[in-house]
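Read-outs: derived from the displayed coordinates by stated rules, not from any lab. Keep in mind that what you see is a predicted model, and the values were worked out from it rather than measured. Here the Cβ positions follow ideal geometry from the backbone for every residue, glycine too, while neighbour counts run over all protein chains shown.
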Amino acid sequence: LARLNRPQERNALCSELTEQLATLVQEWDTDTTVRCIVIAGGEEYFAAGEDVRALAERSSQDALAHSTGRFWSRMGACRTPLVAAVSGYALGAGFELALLCDMIVASETAELGNPEILLGIIPGGGATQRLTRVIGRQRTMELLLTGRRIDAQEAFRLGIVNRVAPKKKWLSQALELAQVVARRPPVAVRLAKQAVLAAEETGLEAGLAQERRLLELAMATEDRLEGMRAFIEKRRPDFKGR
């Protein structure tokens with residue numbers, strides 16, 4: 001569990017915070033004992049975007065020089081499943097951080113959106129691409145061109161979040177989901193994540209070919225034998241990650 005903790009700044013994603021988060025996630029991604037990662041904020045704020053005060057003081061050249069592009073690339077390279085636990089506001093880069101995760105559990109109090117257009121800019125952490133892939137071009141256009149926020153129930157209806165949790169149970173439900181994933185065979189889980197993400201980057205035929213290649217890798221694992229034996233013997237499998 002990684003928790004964003006800048007309450008006085010509404011968990012705004014400053015360079016120090018993004019560096020710490022990306023470094024931690026990269027370390028966990030190489031640890032074979034870590035099978036799922038939950039990223040959470042606080043009750044009132046998941047993350048309220050980038051630090052607007054700091055951004056406003058920079059020239060356009062300086063802002064581009066301090067781009068967070070490397071942070072998004074590092075986070076996007078994570079092979080371990082990521083679950084976002086969202087309560088309160090997830091705006092701008094905060095919403096983009098949630099979208100980067102593989103699953104989202106949102107509190108009934110959550111408000112999500114990309115208000116960058118109201119600041120005279122556009123999203124720069126992937127919303128134009130990831131949100132479009134989730135909800136389609138027209139709906140993404142409406143949200144990004146108006147800066148409108150949506151609540152947890154609308155996000156659920158649009159397919160952005162996986163679950164809407166009661167106010168006091170958003171974190172526990174996110175952890176429960178992560179624990180379910182963590183009990184699955186870790187090699188197969190990573191291969192499945194890789195195959196699903198390939199659907200966003202390739203055509204259908206290339207994606208199906210990638211799926212078949214990844215299935216061949218899964219079939220060669222010890223966990224595949226364990227899972228099938230456990231099914232036949234009607235017992236719980238003991239996956240080793242091999």
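Under 5 Å between amide hydrogens, which residues at least 5 positions from VAL38 or on another chain qualify, with H placed 1.01 Å from N in the peptide plane?
Those qualifying (amide H under 5 Å, at least 5 residues apart or on another chain) are ALA2, VAL83.
What is the dipole size for the range 186-233, taken about its Cα centre, with +1 at each Lys and Arg Cβ and -1 at each Asp and Glu Cβ, in debye to the nearest 20?
Once rounded to the nearest 20, the dipole reads 40 debye.
Which semi-axis lengths, in whole Å and largest first, follow from the square roots of five times the eigenvalues of the Cα gyration tensor of the chain?
33, 20, 18
Starting from the Cα of LYS193, draw a straight line to each of the aspartates and glutamates and keep only those under 20 Å, dropping any in the same chain fewer than 8 residues away.
Filter leaves GLU27, ASP29, ASP31, GLU96, ASP102, GLU176, GLU201, GLU205, GLU211, GLU216, GLU222, ASP223.
Once the range 121-178 is represented by equal point scatterers at the alpha-carbon sites, with solvent omitted, what log10 I(q)/I(0) does the Debye formula produce at q = 0.13 Å⁻¹?
-0.41
Treat every Asp and Glu Cβ in the range 2-182 as -1 and every Lys and Arg Cβ as +1, leave all other atoms uncharged, and give the resulting dipole magnitude about the Cα centre to the nearest 20 debye.
Dipole of the range 2-182, to the nearest 20 debye: 480 debye.
Angle between the Cα long axis of helix 222-233 and the longest principal axis of the chain, 0 to 90 degrees, nearest 10?
It is inclined by approximately 60 degrees.
Express in % the proportion of alpha carbon pairs of the range 101-242 at distances exceeding 23 Å.
For the range 101-242, the fraction of Cα-Cα distances above 23 Å is 54 percent.
Please list 3-11, 34-42, 203-211 highest first by mean number of surrounding beta-carbon atoms within 10 Å per residue.
Peptide ranking by packing, descending: 34-42, 3-11, 203-211.
If the range 186-233 were replaced by its equivalent ellipsoid, with semi-axes equal to the square roots of 5 times the Cα gyration tensor eigenvalues, what would those be, largest first, whole Å?
Value: 25, 10, 8 Å, ordered largest first.
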